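Trainee: Got a structure for you, questions after.
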Amino acid sequence: MPTSHAARHSPDPDVAAVAALIGDPGRAAMLLALLGGHRLSAGDLALRGGVSPAAASAHLAKLVAGGLLRVERDGRHRLYDMAGPGVGRALEALAAIAAPPKIVGLTQNVQAARLRAARSCYDHLAGRLGVAVSDALIAQRFIGPTGERGFRITRRGRSFFLDFGIDLAAIEAGRRPVARQCIDWSEHRTHIAGALGAELRALCLARGWIERFPGSRALRITPSGSAAFEEYFGFQARG
């Protein structure tokens, strides 16, 4: 159907162009694979997208040109990741309104259960674990929701995060929002995102409280992590 005159000259952002990029099943699968927050090669993304290497190269070129992905050369390899946290937020928002997958096998059921339990949403925690951490921070009055879909850090919170090992001055001096509310597609609740959410996930990984499942954005809570989440956040988490 031809594009109407009004649509061609609309002052609104070109949502249709972005939707068309995401709307291809292979490209959508590759974008979702990158929600784990780490860079992947074209070969890895071809496998995730279920397409041939040649088709993956064409898809990736479109995603880079459309501003959804960025690519960097690492030796002989070209590695891709999301162009920024806004792309991850858009994908999570779409996942929240998308129909759930039809489970057709045991492996798919296990993978889905792992994603619901704990996963990376670009660079912060999501799933039941991410929501539980956010709920605990709110319950202990370390953060509070704002009317702009953000979180403010309270005086009690500043003391907690500094003791936890987060350099608040550094993240507050950056250009990224400090703490945002992000809709969790599996829990239909909000979890903490932004620079503070990224620091929380990074420290949990560095301390061995959580581990990545190979080839997935799902996360496993380790035995030391179970004890640490109970100590710091007051809830029991199981791997």
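Trainee: What percent do you get for the relative contact order of segment 109-190 when only Cα pairs under 8 Å and 6+ apart count?
Mentor: 25 percent
Trainee: At 37 °C and 0.692 mPa s, what whole-number value in µm²/s does Stokes-Einstein give for the translational diffusion of segment 106-233, with Rh from the Kirkwood sum over Cα pairs?
Mentor: In µm²/s, the coefficient rounds to 221.
Trainee: What are the semi-axes of the equivalent ellipsoid for the chain, taken as the square roots of 5 times the Cα gyration tensor eigenvalues, largest first, in whole Å?
Mentor: 32, 22, 18
Trainee: Turning to a different aspect of this structure: Which of T222, A198, T107 sits closest to the plus end of the dipole of segment 106-233, meaning its Cα is farthest towards the positive end, when Lys and Arg get +1 and Asp and Glu get -1 on the C-beta?
Mentor: T107
Trainee: When the helix-only estimate is applied to the chain (DSSP H runs of n ≥ 4, each -39,500 (n - 2.57), divided by the residue count), what is the mean residue ellipticity at 222 nm, nearest 500 deg cm²/dmol?
Mentor: -15000 deg cm²/dmol
Trainee: Among R76, R119, R207, which comes first, second and so on when ranked by fewest other beta-carbon atoms within 10 Å?
Mentor: Going from sparsest to densest Cβ surroundings: R76, R207, R119.
Trainee: Now a separate question. Percent of alpha carbon pairs in segment 5-83 separated by more than 14 Å?
Mentor: Counting every Cα pair in segment 5-83, those more than 14 Å apart make up 61 percent.
Trainee: With the contact rule set at Cα under 8 Å and sequence spacing of 6 or more, what percent relative contact order holds for the chain?
Mentor: Relative CO of the chain lands at 17 percent.
Trainee: Of S226, S134, how do they rank once you tally other Cβ atoms within 10 Å and put the fewest first?
Mentor: In order of increasing Cβ crowding within 10 Å: S226, S134.
FYI, it's all coordinate maths here, none of it is from the lab. All values reported here derive from a predicted model rather than from experimental measurement. Every residue, glycine among them, receives a Cβ derived from its backbone with ideal geometry; neighbour counts consider all protein chains shown.
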